1. Taking the stretch 92-108, which residues are away from the ligand (no atom under 12 Å from the Cβ) and within 26 Å of residue 370 (Cβ to Cβ)?
2. Inspect the stretch 154-175 for any residue being more than 20 Å from the chain's Cα centre (by Cα), touching a residue at least 24 places away in the same chain (Cβ under 8 Å) and assigned to a helix (DSSP H, G or I) and give the result as yes or no.
3. Looking only at the stretch 109-143, which residues are surrounded by fewer than 20 Cβ atoms within 10 Å (Cβ to Cβ), touching a residue at least 40 places away in the same chain (Cβ under 8 Å) and more than 11 Å from the ligand (Cβ to nearest atom)?
4. Mind counting the residues in the stretch 59-83 that are assigned to a helix (DSSP H, G or I) and β-branched (Val, Ile, Thr)?
5. Picking from 329, 367, 337, 379, which residue would you name as being more than 15 Å from residue 317 (Cα to Cα) and not in a strand (DSSP E or B)?
6. Only residues that are more than 15 Å from residue 30 (Cβ to Cβ), touching a strand residue (DSSP E or B) at 6+ places or on another chain (Cβ under 6 Å) and buried (at least 21 other Cβ atoms within 10 Å of the Cβ): list them for the stretch 180-201, please.
7. Looking only at the stretch 84-108, which residues are touching an Asp or Glu at 6+ places or on another chain (Cβ under 9 Å) and part of a helix (DSSP H, G or I)?
8. Quick check on the stretch 285-341: of everything there that is touching a His at 6+ places or on another chain (Cβ under 7 Å) and surrounded by fewer than 23 Cβ atoms within 10 Å (Cβ to Cβ), which residue is nearest to residue 124 (Cα to Cα)?
Amino acid sequence: MDKIVVVGGKQLVGEVVVSGAKNAALPILASSLLSQGHHLFRNVPRLADVGTMCKLLGTMGARAERGTGRLGDAVAIDVGHVTPEAPYELVKTMRASVLVLGPLVARHGRARVSLPGGCAIGARPIDQHLKGLEKLGATIVLEHGYVEARARQLKGASFTFDVVTVTGTENLMMAACLAKGRTVLENAAREPEVEELARVLNKMGARISGGGTDVITIEGVDELKPIEHAILPDRIEAGTFLVAAALTAGDVLVKRLVPEHLEAVIGKLREAGATITAEEGGLRCKGPNVLRAVDVKTLPHPGFPTDMQAQLMVLMCVAKGSSVITETVFENRFMHVLELSRMGADIRVDGHTAVIKGKRSLSGAPVMATDLRASASLVLAGLRARGKTEIHRVYHLDRGYERLEKKLRGLGADIHRVKA
Ligand code: EPZ
């Protein structure tokens, strides 16, 4: 397994370009199953999870291929005859595989998708996805670790989510596109990636209103057509670079992002003392010499994103004062705390709350990545720590960041990957 080696202490300076959003690309690639023919998606990030989704689509009969040359940022998908089965071998490596469920039932009348199972950050149930599909008229049978869903024809219905769920909202929005009649989804997720999926589905001929709000209305249509589309920038990758600049008292222009998607993160970074200004299609972040401790509570969008919690915690480890971080979305998303403590951080966890006592610095150490955003936080900690930090099991990182160490090296970080 590869590892990443960082020698801390460098101020990050320069410009960095954000890649396409992983959590927009995954549902959008899955939505290709709603139509026949040739889709072309641009600005698709080169990530392990995107590769897994392409492999999954391929096993079902939707050939997904990465472009070459000037189409190197694109993925072309040719949807032919589809076998509506998502095997355990692939689903177990990526929970977002569950996003093929809605499209398969809607367009092919049946789906056999392995239950995703949990992951490091929590149980990750899909009860809302299944409850919603049943409301649309599907029959759901769970056996041998698989979801068997069948529906001759889905029918529009009203459905209120018991909890705000991003992929749950995306799955049901996709299924409702081809249902007969009107569907109204209440307490829907408002993430920008949900809004982007609604935009893509409408481009394919769907009739969706309210994407990005908590009430989404979908008028069913008979069929959708293949499209071309460029994926929106990844707000979490962008936020990770803003934190890196703030953490190293740096001066970084983060380019190709949508500032409105990062309001909660920008607000917290400013509270912590960073200077963030809009500049030529990006944001410039200047880190202060002394960071201030701030409290944060993760919430569904537009609240502070859970996917930025670990990154902000690193900032608080070296801020002046004590801060309280409350994780309200997932039940076990403090796996990075033990590793940060090995680097000298003073963090006490009590259930969903972590209390961080800021210190002047951290000390480099060998650490272990446990999940995607935790691994990003360990890289960030290495940028600030005295001496050398080795991050092991970086396959977690490669699921969600495109060449992170290369981009950070471009900003002056002393960081490189050691191939296994
Ligand atoms: C999406 O996961 C993202 N993944 C996650 O990003 C992100 O952390 C999460 O939304 C929250 O923003 C993708 O979009 C591919 P949820 P998702 O369903 O949809 C509970 C990353 O790092 N829940 O919004 O799986 C669930 O247990 C990843 O890029 C149910 O109880 O998350 C959790 O506590 C990590 N029943 C809460 O809702 C359900 O049927 C939010 O989960 C579904 C969810």
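1. Of the stretch 92-108, the ones away from the ligand (no atom under 12 Å from the Cβ) are 92-93, 100, 102-108.
Hits for the stretch 92-108 are 92, 93.
2. Going through the stretch 154-175, the residues more than 20 Å from the chain's Cα centre (by Cα) turn out to be 154-162, 175.
Imposing the further condition that a residue be touching a residue at least 24 places away in the same chain (Cβ under 8 Å) reduces the set to 154-162, 175.
Those still in the list that are assigned to a helix (DSSP H, G or I) too: 175.
Yes, that holds for at least one residue.
3. Those that are surrounded by fewer than 20 Cβ atoms within 10 Å (Cβ to Cβ), touching a residue at least 40 places away in the same chain (Cβ under 8 Å) and more than 11 Å from the ligand (Cβ to nearest atom): 109, 110, 137.
4. Quick first cut of the stretch 59-83, residues assigned to a helix (DSSP H, G or I) only: 59-60, 69-71.
Filter once more, so that each one left must be β-branched (Val, Ile, Thr): 59.
Final tally of qualifying residues: 1.
5. Details: 367 fails: not in a strand (DSSP E or B); 337 fails: more than 15 Å from residue 317 (Cα to Cα); 379 fails: more than 15 Å from residue 317 (Cα to Cα).
Answer to the check: 329.
6. Hits for the stretch 180-201 are 183, 185, 188.
7. Listed by number, the residues that qualify are 96, 99, 102, 104, 107.
8. 328
The values are calculated or read from the model by the stated rules, or taken from the named source; none is laboratory data. Keep in mind that what you see is a predicted model, and the values were worked out from it rather than measured. Methodologically, a virtual Cβ is constructed for each residue, glycine included, from the backbone with ideal geometry; neighbour enumeration extends over all protein chains shown.
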